[in-house]
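To start, the structure under review is shown below, and the notes come after it.
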């Protein structure tokens, strides 16, 4: 085991769907001698790539949950997280990014920068993750890695610089020129495991020299030493590498590497690059929130002797029982250590400690700062922080978006019901964007998530992993209600039914709040409402906002101002004021001209230009607004804003319209007003449902 | 309330001055060109023209040959922010959302896209996308690569679909750029297919607008408009200051 922190790397592999990152991971494991045989993602050998450990992932050829694995390369210990590509699962990507110190951004030599690449780039930016780029699939027809380099500069706005030149392209792609060492590399042997180093081929010499100049120019910005040496013509390989590394760590330079994972070309140099250019855990500043000091930020130290701070970032129910993936930020983890969960205050004892390699694991005695390991039998939720007793730190909360789709599910029989409950309990702990509750009125179990595919995958997993067969209803959009006009209220709640009476009167105003959310403002003067009942009023409003009168969805964007009222020395109570608040809201809500809001999704459709017309039509038919369309030769991308309610089944429609050649991604953008006609329809449906309920 | 303020803004717009000078406006089926050196402010003018149409409730397609579209989006945001500064222009955000729904940006790669293809995509947007555009803004078409034939195709397209098409032309040759009537030498071959031609020139610290051709007639005239250097909006030139 490596303990030297400088020889440790935590990397993520982020990319667009189908740019081949699972294949790339597979090759990395192979060259690092973690696996003995290469499996393809949709392999004929029926084994599937090693990282896609879930059966479902194997079947669909996509990676859903990020498995983590540890490899050794050139005396360095490298933890790799394979991240999912589909936007529906971005919570996984975002969580990985929180945990990793750096990343490899994988791009396709043909597709280049695609919509999802832009999303991933934005995430890397948000978490300030340094990265290098790998332009994969140089063997494909239409491959143009240099154009992809240009796109990283133009479309993503990075200073991208070529570190290699391809020798031949498409079918003729057979090696790389290393622009730092000025050597040609060929990948021999059955699986590219033998690297043959030769002089740069004559026909590439001039271009290689020119590209090397470009590289040195770009790298010089980060090293005066290199700049001076370059002027005098004595720049060394080490100087160039050191300067590039500085640029990468500052997130101001993106070195671009080329290869074809599928053809076993360019992987070993990429691993060298991970070691050369990406940071070790001590070079990355991590911050935590000090709960004992009112949420002040603390910079963590990468000292193995310091008190322990670690983040549980993923739970998994594997064949070996429950696993908790944990990243150590400060101090160490040893078997037998006692730690405190800073959210729940619960104490845990560290039991078995293992290092993960997709499906197999190695038991270890100790993990130091920067390490990513798994623990057995720890009860917690994803995102919980564990500290040594005496510390109360929380790793800053990972941004969790609100779910936008819900689905009613119903187990087919009693046995399935038990298993379904077990599955739901597990899934909600694993994935904070996946939620579930039982609708008190219909008694149905509702699951909520980030999109149709997101929920589909969980329904599938219930079947396969828990043998819980369920029937599903139609997906439901998470609507919201909002008022559009300010309105005054004056409401008295009075009840006299023998025994103690109830009395409360509140006066004030509702105002629309453009930024959403809820605000409560107390402007009562002279004790017209005693201070102890003010929180009761707020509580009452919060409760009533959970269900609007239009269509029964939560009301957002309201400011409540209470400025007057009355009480009774005997009959006023917490309860009476809560009830009064609810009554006040119900009484004036309709006067505040409430509107129905719906989630509007940012949709990106990519495919051959010949289908652009079809795509425009599908967007327009779905009440969508096309924001822009970009045509780059034969390839085009359409960006649009479309109401989620119209997007169900879009994948199928798009596939059949474009012969499967176009694909789309979508993510939540904002809440927007539902057009009057549809709002009326929704309100009628709601009334009808209420009527039926009351008849029952 | 909002309506009348908006109407007032539309009525007072310096673009009304422009329209008056070109027989009431460019008109459907016609092609207008703004010509100048690079960096003088053609894009700003085109975005202002588009914003004015959007305010009037029209649908607009903005065709761009730039490498990215985000700065065009920002440009519109900025121009609407400027316009929303007008007193009483209430709920600027609401308005903006509504206006943006009627604008599409279509981006094409300069060297990869032939005019037929561009027009095909435009037609797909208008017909299949059910986007009822009345004005098309074309920014950054390379008049060196595209010949008069391409412009003729734009004009034919404008006529067939009932569109007003405004283009920008970047002048790249050596001085002098203009002949004695103010007509750019580089665009001589195109004059037959341009309905309205306006040139933008630096005069001191301001950019001035000169009408060169009005609906087929050579009609050199100072438009008494300038580009405001801080807002990048077209503005009226106070009388007496014009050259």
Helix A:267-277 axis, angle to chain A major axis (alpha carbon atoms, nearest 10°): 70
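Please work out the ratio of the alpha-carbon Rg of chain A to 2.2 N^0.38 Å and round it to two decimals. Don't jump to the answer; show the numbers that get you there.
Values: Rg = 29.0 Å, N = 696, 2.2 N^0.38 = 26.5 Å.
Taking N as the residue count of chain A, the ratio is 1.09.
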Cα gyration tensor shape of the range A:513-656, rounded if a/c is under 1.5, else prolate or oblate by comparing a/b with b/c: prolate
Per-peptide average of other Cβ atoms within 10 Å, ordering A:516-525, A:258-267 highest first: A:258-267, A:516-525
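Counting only other chains, what is the mean number of Cβ atoms within 10 angstrom of the Cβ of each residue in peptide A:635-641? If you can, show how the numbers build up before the last one.
Working: counts 2, 4, 2, 4, 3, 2, 2.
For peptide A:635-641, the averaged partner shielding equals 3.
Given the -39500 (n - 2.57) contribution per DSSP H run of 4+ residues, what per-residue ellipticity at 222 nm results for the protein assembly as shown, rounded to the nearest 500 deg cm²/dmol?
Values: 23 runs with 281 residues, N = 939.
The helix contribution divided over the protein assembly as shown gives -9500 deg cm²/dmol.
What's the Cα-based Rg to Rh of the range A:484-593, Rh via Kirkwood?
On the way: Rg = 13.6 Å, Rh = 13.9 Å.
Here Rg/Rh amounts to 0.97.
What is the projected area of the convex hull of the Cα atoms of the range B:2-236, averaged over all directions, in nm²? Present the calculation step by step, with values, prior to reporting the outcome.
Numbers: hull surface 49.1 nm².
Its Cα hull, projected and averaged over all orientations, spans 12.3 nm².
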Alpha carbon centroid spacing (whole Å) that separates the range B:118-147 from the range A:187-240: 45
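How well do other chains shield peptide A:604-616, expressed as the mean number of their Cβ atoms within 10 Å of each residue Cβ? All intermediate terms of the calculation are to be shown ahead of the outcome.
On the way: counts 0, 0, 0, 0, 0, 7, 2, 1, 8, 8, 3, 3, 10.
So the per-residue partner count for this stretch is 3.
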Helix A:90-99 axis, angle to chain A major axis (alpha carbon atoms, nearest 10°): 60
Percent antiparallel among DSSP beta bridges (both partners in the range A:484-593, rounded to 5): 75
Alpha carbon centroid spacing (whole Å) that separates the range A:579-633 from the range A:655-672: 13
Relative contact order for chain A, counting Cα pairs under 8 Å that sit 6 or more residues apart, in percent: 9
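Would you tell me the mean number of C-beta atoms belonging to other protein chains that fall within 10 Å of each C-beta in B:62-70, as a whole number? Let's see the in-between values first.
Details: counts 1, 1, 2, 0, 1, 7, 7, 7, 3.
Other-chain Cβ atoms within 10 Å of each residue's Cβ, averaged: 3.
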Rounded tilt (10° steps) of A:237-249 against the dominant C-alpha axis of chain A: 10
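Only the coordinates and a few stated rules stand behind these numbers; no lab work does. Since the model is a prediction, treat every value here as computed from it, not as a measurement. Cβ sites come from the backbone with ideal geometry, for glycine too, and all protein chains shown count toward neighbours.
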